[in-house]
1. Could you list, in sequence order, the residues of the stretch 147-167 that are surrounded by 14 or more Cβ atoms within 10 Å (Cβ to Cβ) and assigned to a loop (DSSP other than H, G, I, E, B)?
2. Looking at the structure I just gave you, is Ser326 under 22 Å from Ile216 (Cβ atoms), at pLDDT 85 or above, in contact with a helix residue (DSSP H, G or I) (Cβ under 9 Å, 6 or more places away or on another chain) and not aromatic (Phe, Trp, Tyr)?
3. Please give the helices (runs of 4 or more DSSP H) falling wholly within the stretch 271-344 in which 1 or more residues are under 30 Å from Tyr196 (Cα atoms) and of a type in the set (Gly, Ala, Ser).
4. Test each condition in (1) crowded, with 16+ Cβ neighbours inside 10 Å; (2) within 31 Å of the chain's Cα centre (by Cα) for Phe256 and report the one that comes out false.
5. State the number of residues belonging to the stretch 284-320 that are polar (S, T, N, Q) and either more than 20 Å from Phe214 (Cα to Cα) or surrounded by fewer than 13 Cβ atoms within 10 Å (Cβ to Cβ) (or both).
6. Under 8 Å between Cβ atoms, at least 6 apart or on separate chains: pull out the pairs that start in the stretch 161-175 with a residue that is under 11 Å from Gln367 (Cα atoms) and end on any residue that is modelled with pLDDT under 75.
7. Quick one: is Ala221 without any contact (Cβ under 8 Å) to a residue 24 or more places away in the chain, part of a helix (DSSP H, G or I), hydrophobic (A, V, I, L, M, F, W, C) and surrounded by 15 or more Cβ atoms within 10 Å (Cβ to Cβ)?
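The values are calculated or read from the model by the stated rules, or taken from the named source; none is laboratory data. As the structure is a prediction and not an experimental result, all values here were calculated from the model. With ideal geometry, Cβ positions are generated from the backbone for all residues, glycine too; neighbour counts draw on all protein chains shown.
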Amino acid sequence: MPRHGYIAAPILGALWLLIVATTIAVAMSFATGQAFRPAVGFSLVWGAALGLALVFWQGSKSAAALAALALFGSALTPVGPMIFGPDVAGATWAFSAAALAVVLVVSLRQILAGLRFGAVNRHEFEEAAIRFLTGFGYIFFTAIVLIPFYVMVMTSLKSQQALLQNPLDFGLDLSRGWGLLRSYYELFADFNFGRYLWTSFFVSVLTVIITLLFSIPGAYAVARLRFRGRAAIGRSILLIYMVPMIVLALPIYIAFSMTGLRNSITGLVMIYPVTTIPVALYMLQGYFRGLPAEVEEAGLMDGLSRLAVIWKITLPLSLPALASVSLYVFMIAWNEFLLAFMLLDDPSKFTLTRGIASLNSSEIPRQHLMAGAVIATVPIMALFLGLERFMTKGLTAGSVKG
């Protein structure tokens, strides 16, 4: 792209208006259940014109206000950047047009800040391009995360009649009051989801405890002790993940059936750590290598045994890493589905993921399945967001020696 403001600004403006129009159209469609879509050709034309105008009158608030007003007016005409369905009410039409105009002009001014109408240097051009790509990244990845979650939550709050009338309407009927939560009530009252929650929590906590009991001394041995084959063990810890779990499913099923461990919580507690110990070993050995060995040597010189050194010195210094590993292992165990689906047949012993799978039936309303997915997602999401700082600190600690 030539580094001239009168060329860069229209191109960035055209692309940015298309992105914003698409975003608002999707958001309004989900919120109202009505038809909104971007007009690609008109979006590119209006975006190019607005980009050119904003860079020509750089810094002028009155020019920005006129641009927003012009875009608002265009959005209410057949040649605007958005196409509205015939069932869209006038107030909704005006609101979406106003939102498009305000969001577009405010954000485009930020993207084009620093660009001149004439020639610009490489630094100014790259800054505008980076701001454009950053904004696109925020919108794109936010949409990837929020749209499925939004659809899941809104569907769980719908009635069967509303889903049959318009499956693509993800708005809320607030007149139902507490009836919005009917699906959740029925899951706990009729589908035993309280027991599923407890089973998943119990199994996940036991998996964390067993994983730490094995991975702490194993990771410490690989990181600190010298023995034959230590380097090979350290490099091959994660080799188990090169074998897909589906390949191991049949041998595990046969072995557990022969030993009477299938369809039991004990069997799950035995097999889950097999999948989590390698990753815990890998994470902890890197952290242990980053700890100063002199502190442990001082403890040994003071008469402490190796186990006492680990308990009194190494573990207190490793609390961030232990917190992050525990959270990661808990998430793996909480979300595990394949082994639970394969080994559990008794509904009274189902984990949460196995219980949700049992809702995937033509005889059970779809909103119940979505409500079960929300129940499984929200606790682990809240746990992750609440402990994110510990996980981030634990994953980065020990990566740099100094």
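1. Leu157, Lys158, Ser159
2. yes
3. In the stretch 271-344, the matching helices (runs of 4 or more DSSP H) lie at 319-335, 338-343.
4. All conditions pass for Phe256, except number (2).
5. 1
6. Ala162/Asp169; Ala162/Asp173
7. Yes; evaluated as a whole, the condition is true for this residue.
Yes/no matrix, rows are residues, columns are (1) more than 30 Å from Leu168 (Cβ to Cβ); (2) touching a helix residue (DSSP H, G or I) at 6+ places or on another chain (Cβ under 9 Å); (3) of a type in the set (A, V, I, L, M, F, W, C); (4) at pLDDT below 80:
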position	(1), (2), (3), (4)
Phe30	no, yes, yes, no
Pro38	no, yes, no, no
Ser62	yes, no, no, yes
Ala68	yes, yes, yes, yes
Phe84	no, yes, yes, no
Asp87	no, no, no, yes
Gly90	no, no, no, yes
Ser96	no, yes, no, no
Leu100	no, yes, yes, no
